[in-house]
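Quick note: the coordinates plus some simple rules give every number you see, no bench work behind them. All values derive from a computational prediction rather than experimental measurement. Here Cβ is always computed from backbone atoms with ideal geometry, including for glycine, and neighbour counts include all displayed protein chains.
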Amino acid sequence: MRNRRGLTFVSAAVVVVAIILFLRIKEPEHKEPVVAEQDSAIAIVPYVLAQTGAISQDLTVAGVFQPYQEIDVHGKVSGYITRINVDIGDRVREGQTLAVLEVPELEAEVAGADAGVNQSQQDIARLKSEISRAQAGYDATHANYTRLKQASDQQPGLVAAQELDDALSRDRAAESQVEAAKSAVAAAEGKLGVSRADRLRVTSMVKYATITAPFTGVVTMRYADTGSLIPAGTSESNAQAVIRLAQSNLLRLRMPIPEQDVPLISDGSHATVHVQATGQQFPATVIRCTRDVSNATRTMLCEVDVPNPNLSLTPGMYADVSFHLRQKQDSLILPSVAVIQGDQPAVFVVNANDVLERRPVVLGITSPNEQAIAGGLQEGERVAVGDPGGMQPGQKVKPQPAAQDLLKFHAGSQSSPKATP
């Protein structure tokens with residue numbers, strides 16, 4: 001009986017010792033997850049090192065091709081179209097006849113102007129004969145007066161004073177008739193000039209009945225057909241045109257330049273043009289700029305002249321125009337995704353204690369995926385990359401080098417669209 005009780009006591013003691021040992025062995029296992037949970041609360045932040053290198057600033061904008069010149073061709077006079085020689089898509093040369101108008105009233109005006117010129121010429125011929133007659137009468141009268149005057153001077157009293165005065169009066173009257181005839185001829189010649197000017201005006205209007213191309217180009221629209229009544233282009237503000245003509249052998253490539261890049265682009269700036277529709281790529285030079293920033297778009301309009309002799313480029317097509325603005329060596333460079341843009345640009349720096357610091361910086365040249373830092377950062381400092389909304393100054397983080405795939409992803413998601421006209 002006593003042996004049985006002893007065995008029971010020993011068994012109980014062994015169980016108690018086993019429980020104590022088990023608890024002591026398990027105690028560290030309960031503490032380890034607490035440390036793991038504390039480590040998992042620290043955010044992992046990818047970073048890049050601020051490094052020096054070369055950076056270039058480029059600009060790519062979308063431009064649109066437009067005709068070098070484009071006009072609506074009107075008739076100078078009103079009339080019916082008797083013949084129209086062109087249609088849309090036709091290439092025409094400067095001076096080529098586009099259409100012919102019938103203007104019967106102009107023919108009558110030309111005939112009247114011709115009659116007026118003929119009448120003036122006949123009046124001049126008649127008046128010139130009057131000059132000859134008056135001159136002959138004056139010569140006879142003047143000769144008679146001269147003889148009487150000489151006789152009176154040689155023998156005073158030989159010729160009566162009254163007779164001498166009458167001869168002088170007739171002499172002066174004959175001279176006045178000559179001057180009057182000459183004045184009448186001058187007036188007739190002036191009238192002839194008016195008649196000729198009127199005839200020139202009318203005949204010029206007749207020439208306008210034939211509508212010609214003012215420059216070499218392509219017919220892009222036809223507004224009238226044979227028999228259409230075309231009002232004079234100067235008679236109404238909304239007068240109907242005959243065709244629309246565009247000069248397409250030379251095109252204007254117009255593009256908007258953002259306000260911040262306006263100081264870097266001027267007449268003579270070089271660019272590269274890529275036309276996606278045709279696959280063409282060629283160098284170009286800026287020919288002209290408006291030198292005026294639009295209040296609506298905050299851009300300045302510039303133009304490039306593009307020769308198009310075979311009409312392979314069509315007005316209305318878009319093209320990408322790339323400018324190499326500037327380049328700088330030995331710049332402190334960061335990926336664009338590492339910079340927090342705004343009124344005061346900044347970056348998150350991971351300090352030596354793995355704590356985030358918000359650092360204001362001064363920006364320099366910008367490239368599509370990189371940003372030069374002109375101040376506020378030192379070479380070799382660790383700069384956090386990622387969503388700035390999830391970062392706070394003073395936050396303890398676990399830094400790790402950023403993968404290239406991560407940088408490419410952020411660069412693609414933050415890339416800005418190209419400026420369009």
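On the beta carbon distance between residue 162 and residue 187, with R0 = 45 Å, the FRET formula returns roughly 0.75. Placing a label point 7 Å from the Cα of residue 115 along the Cα-to-Cβ direction, the residues of segment 175-201 whose backbone N falls under 20 Å of that point are 191-201. Annotation: aspartates and glutamates with alpha-carbon distance below 12 angstrom to residue 182 (same-chain offsets under eight excluded): 130. Checking (1) -0.26, -0.56, -0.83, -1.36; (2) -0.64, -0.87, -1.01, -1.23; (3) -0.42, -0.70, -0.85, -1.15 against log10 I(q)/I(0) by the Debye sum over Cα atoms at q = 0.06, 0.09, 0.11, 0.14 Å⁻¹ calculated from these atoms, the matching label is (2). Computed from the Cβ-Cβ distance with R0 of 60 Å, the FRET efficiency linking residue 207 to residue 326 stands at 0.60.
Per-peptide packing, taken as the mean over residues of other Cβ atoms within 10 Å, places 158-168, 91-101, 239-249 in the sequence 239-249, 91-101, 158-168 from highest down. In terms of other Cβ atoms within 10 Å, 142, 270 run from fewest to most in the order 270, 142. Place a label point 7 angstrom from the Cα of residue 147 along the Cα-to-Cβ direction, then list the residues of segment 171-212 whose backbone nitrogen is under 19 Å away. Correct set: 171-175. On the beta carbon distance between residue 261 and residue 239, with R0 = 56 Å, the FRET formula returns roughly 0.85. If a spin label sat at a point 7 angstrom from the Cα of residue 56 along the line to its beta carbon, the backbone N atoms of segment 249-272 nearer than 16 Å would be those of 270-272.
Sort segment 188-253 into rounded, prolate or oblate with this rule: let a ≥ b ≥ c be the square roots of the eigenvalues of the Cα gyration tensor; rounded if a/c is under 1.5, and if a/c is not under 1.5, prolate when a/b is larger than b/c, oblate otherwise. Prolate shape, in that a/c is at least 1.5 and a/b is the bigger ratio. Rounded to the nearest 500, the 222 nm mean residue ellipticity of the chain from helices alone is -13000 deg cm²/dmol, with -39,500 (n - 2.57) taken per DSSP H run of at least 4 residues. Can you classify segment 104-208 as rounded, prolate or oblate using the Cα gyration tensor, where a ≥ b ≥ c are the square roots of its eigenvalues, rounded means a/c under 1.5, and otherwise it's prolate if a/b beats b/c and oblate if not? It is prolate, given that a/c is not under 1.5 and a/b is the larger ratio. Subtracting the Cα-Cα distance of residue 229 and residue 297 from their residue separation scaled by 0.36 nm leaves 20.2 nm. Within 13 Å, Cβ to Cβ, of residue 357, how many net charges do the neighbouring residues add up to if Lys/Arg are +1 and Asp/Glu are -1? So the environment of residue 357 carries a net charge of +2. Of the GluC sites (Glu not before Pro) found in segment 224-323, those that fall in a DSSP loop while having at most 15 other beta-carbon atoms within 10 Å are 236.
How far is the Cα center of segment 61-122 from the Cα center of segment 236-301, in Å? Here the two parts' Cα centres lie 31 Å apart.
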